[in-house]
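Student: Handing you a structure now.
A short reminder: the numbers here are calculations on the coordinates, not readings from a lab. The structure presented is a predicted model; accordingly, all values stated were derived computationally and were not measured.
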Amino acid sequence: MTDTAPFPAPARDPDALEMGTTLMPRFDASGLVTAVVVDAATRDVVMLAHMNAEALAKTIETGVATYWSRSRQALWVKGETSGNRQLVRRLRVDCDQDAVVLEVTVEGHGASCHRGFHSCFYREVPIGTPGAPLAFVETDPAFDPAKVYGTASGHAPGCDCGEDHGSRDD
């Protein structure tokens, strides 16, 4: 489990946790909280990631989105490679403090996805039509992953593990 030292332990009293004014994140057994990332201007959900205590504290301190890479087991500053840093305009916590929402402005090309799209959620599932193909809601990537990461997929060269690496913008 990841150290949660920068933050007080969650209150045992639900009212204190849910109605209080102290940030007391409820990290899961892996030491993480879920981070939903939203474009501050469009309100589009652009990414889903995870934060440990260090990533959350660093994000609050610097105003630059920092996450925990579950595949690499390391901190990851969003946009460090591509230049598409996420500048945090607002950070909200849910009622029981086990998830956060980051409202961000994205620098560079404005893309949050390792495939070059504005959002990692660039396809939608047709409702009422089981088995129908996914429909692209974004069709023009903002950048070419091959030029930024050296591979068209945004994954490390030779990677065929099938593991979700999260956004490769690390």
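Student: Going by a ≥ b ≥ c, the root eigenvalues of the Cα gyration tensor, does the stretch 78-154 fall in the rounded group (a/c under 1.5), the prolate group (a/b larger than b/c) or the oblate group? All intermediate terms of the calculation are to be shown ahead of the outcome.
Tutor: On the way: a/c = 2.45, a/b = 1.05, b/c = 2.32.
Oblate, because a/c is 1.5 or more while a/b does not exceed b/c.
Student: Quick one: plug the Kirkwood hydrodynamic radius of the stretch 29-149 (C-alpha pairs) into Stokes-Einstein at 20 °C, 1.002 mPa s, and report D in µm²/s.
Tutor: Details: Rh = 15.1 Å.
Answer, rounded: 141 µm²/s.
Student: Considering amide H positions built from the backbone, and no H for Pro or chain starts, which residues 5 or more places from Val104, or on another chain, come under 5 Å of its amide H?
Tutor: So Val104 has HN proximity to Val38, Asp39, Ala40, Arg89.
Student: Of the DSSP beta bridges with both residues in the chain, give the percent that are antiparallel, rounding to the nearest 5. Before the final figure, lay out the partial values.
Tutor: Working: 20 of 26 bridges.
Roughly 75 percent of the beta bridges in the chain run antiparallel, per DSSP.
Student: Could you state the angle between the C-alpha long axis of helix 53-62 and the longest principal axis of the C-alpha atoms of the chain, as a value from 0 to 90 degrees rounded to the nearest 10?
Tutor: 80
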